[in-house]
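What follows is a set of notes on a single structure, which appears directly below.
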Amino acid sequence: MPDCRVSKVIAREVLDSRGNPTVEAVIVAGGVCVSAIVPSGASTGRHEAVELRDGGKRFLGKGVKKAVSNVNSVIAKKVAGMDCRQQADIDNAMMRLDSTLNKSQLGANAILPVSMAAARAAAATTSTPLYRIIGGMSGNKKFSIPVPFCNVINGGKHAGTSLRMQEFMIVPVKFRTFKEAITAVSETYHALKGIIGKVYGKSSANVGDEGGFAPDLNNAEQALILLEKAVEQAGYKGSIRFAIDAAASEFYNGSHYDAGRLYRAEELVDYYLDLIRSHKIVSLEDPFEQEDFDSFAELRRKAKIQIVGDDLLCTNIGRIKTAIAKKSCNCLLLKVNQIGTLTEAIAAANLAYKNRWKVMVSNRSGETEDSFIADLAVGLGCGQIKSGAPARGERTAKYNQLIRLEEDFGLRMAGF
């Protein structure tokens with residue numbers, strides 16, 4: 001039997017993709033040494049688990065250095081000697097140490113990298129692929145490579161332009177393998193770069209936080225027309241569809257939504273319906289502000305497409321239950337750092353499945369080179385992943401890991 005006891009836990013401060021500090025945790029167990037790095041978001045839901053950060057909107061006066069210290073001085077002592085295969089035991093022990101509902105005592109960015117590293121340690125000590133370790137935790141036995149939702153035009157907080165909606169994604173829906181799908185995405189991405197350069201000038205083909213282009217557009221229609229032209233030029237008309245993450249809380253002023261012009265909630269429903277009909281949109285995320293369960297439900301009832309909850313849900317079981325009761329969504333956006341442990345994230349996914357929702361595993365805008373979420377999506381068998389554009393190392397790390405998993409284990413790509 002392998003020795004799976006944790007002998008050492010340490011943390012250090014490293015950088016995320018925006019050059020901001022974040023936390024890496026290292027676990028030594030059974031003679032192996034593994035690590036995990038936690039990402040962070042720019043547009044964050046108010047119900048997310050709390051990160052201890054060094055500045056910005058959620059400044060707590062403690063910062064990332066405090067989160068690192070909490071791992072090294074508090075969490076490490078508790079986790080030492082525990083069996084890394086017992087994920088729930090490790091996660092529950094850290095939650096008890098923290099003793100708050102939102103992990104504000106130790107910080108989600110202290111707890112989560114240890115949680116992720118524990119799963120990696122279980123994989124390494126037992127010579128088992130990480131996705132299978134996650135599948136065992138979740139009860140899933142049907143593994144598949146997820147369809148990528150690739151953010152190729154950035155707006156909102158990801159770009160700093162006049163475009164209010166945050167992400168415009170291309171979705172490869174008619175491909176046999178992930179490698180073929182991501183190739184089509186990459187070719188479309190490069191076609192889009194050329195089109196933007198010609199129409200708006202080469203400087204407009206600069207990229208935002210998630211690797212998508214950030215031309216100074218005024219509304220969603222302009223972004224979608226660019227995507228349609230790029231898909232046709234790349235030769236994939238009919239094989240690629242579109243998705244939007246509106247991140248509407250970021251352009252809500254308390255009574256109206258500023259999406260190129262001012263809309264009341266009921267007017268915004270009609271606007272989205274027009275976009276869906278006109279531009280082959282298959283998925284719409286956070287179309288309303290993060291407390292408006294009822295408008296989500298109205299759009300879901302009328303639209304008949306995938307309505308995804310991110311800021312609305314924050315990977316939080318209590319909020320997911322509210323959305324289930326109100327019929328607000330039919331897909332959970334799963335971000336492990338919104339809730340703070342792998343155990344809780346898996347529980348949220350399983351609750352979504354139980355209620356016939358879909359699940360989309362997602363990156364954050366402040367990402368890292370850690371490819372953990374690729375294995376998470378495969379392990380959960382969710383069939384969908386959002387990891388930014390096919391550019392920048394922190395984004396391609398996830399896509400490259402999915403290419404490896406497809407090739408090494410003969411996994412099939414999910415349908416959408």
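The values are calculated or read from the model by the stated rules, or taken from the named source; none is laboratory data. What you see is a predicted model; the values in this text were computed from it and never measured. Glycine also receives a Cβ, built like all others from the backbone with ideal geometry; neighbour counts cover every protein chain displayed.
Before moving on, here are some points about what is shown:
- Entirely in the range 80-181, the helices (runs of 4 or more DSSP H) that have 3 or more residues that are free of Cβ contacts under 8 Å to residues at least 60 places away in the same chain and more than 21 Å from the chain's Cα centre (by Cα): 87-98
- Considering (1) under 24 Å from Lys103 (Cα atoms); (2) crowded, with 22+ Cβ neighbours inside 10 Å, the lone condition that Asn350 does not fulfil carries the number (2).
- Considering the conditions (1) surrounded by fewer than 20 Cβ atoms within 10 Å (Cβ to Cβ); (2) in a helix (DSSP H, G or I), Leu299 is excluded by exactly one of them, (1).
- Single match in Ser283, Ser204 (criterion: in the same structural domain as Ile153 (by TED's automatic domain parsing) and without any contact (Cβ under 8 Å) to a residue 60 or more places away in the chain): Ser204
- Scanning the range 113-154 for residues being closer than 22 Å to Gln384 by Cα and in contact with a strand residue (DSSP E or B) (Cβ under 7 Å, 6 or more places away or on another chain) gives a total of 13.
- Out of Gly201, Gly211, sole residue that is out of contact with any Phe, Trp or Tyr (no Cβ under 9 Å at 6 or more places or on another chain) and modelled with pLDDT under 95: Gly201
- The condition of being surrounded by fewer than 19 Cβ atoms within 10 Å (Cβ to Cβ) and either touching a Phe, Trp or Tyr at 6+ places or on another chain (Cβ under 7 Å) or within 14 Å of Cys331 (Cβ to Cβ) (or both) holds for Val282.
- Hits in the range 162-183 - residues which are in contact with a strand residue (DSSP E or B) (Cβ under 8 Å, 6 or more places away or on another chain) and farther than 16 Å from Ala234 by Cα: Leu163, Arg164, Met165, Gln166, Glu167, Phe168, Arg176, Thr177, Phe178
- Enumeration of residues in the range 1-17 that are part of a strand (DSSP E or B) and under 18 Å from Leu112 (Cα atoms): Val6, Lys8, Val9, Ile10, Ala11, Arg12, Glu13, Val14, Leu15
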